[in-house]
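Below you'll find the structure, written out as structure tokens, and then a few comments.
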Amino acid sequence: MGKIFDSLLGKTRTPAEEGDYMELNLEDYEGKEEGPALLIKIATISDLRESPKIKDEIYNGNIVIVDISRLKMDKIMYERVLKDFKEVAKDVNGDIIGLGDQRYVVLAPGGVRISRDKIGGAV
């Protein structure tokens, strides 16, 4: 071991010997394969009681695409759920946008912004 430090510090210059090297197992240094950091989840909501599950996904850092078309029949419920989702997006410093004639809502967690610019097609 002293030879290694001496050669690094430039004190002696001797050819490397077999005992100067140590084999490393790269598996010890590589991270174990984990799940993705961000998931995109799909949800359908027809009642305010289903809202907490969707909000939990946003708090857990996932993007959720929510089909809200079933809420269109009850305007009060529709507005309450959207207000709820907007508050969650604000709480996590995320983003929210409506898609497809307000049939879908996309909720994004903090650190994710949803672009309002369309790619291709008529604008």
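FYI, it's all coordinate maths here, none of it is from the lab. Being a predicted model, the structure only gives us computed values, none of them experimental. We place every Cβ from the backbone using ideal geometry, glycine too, and count neighbours over all the protein chains shown.
Table for the structure above
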read-out: Test for Gly110: is it part of a loop (DSSP other than H, G, I, E, B) and under 18 Å from Leu39 (Cα atoms); value: yes
read-out: Test for Ile96: is it surrounded by 10 or more Cβ atoms within 10 Å (Cβ to Cβ) and not in a helix (DSSP H, G or I); value: yes
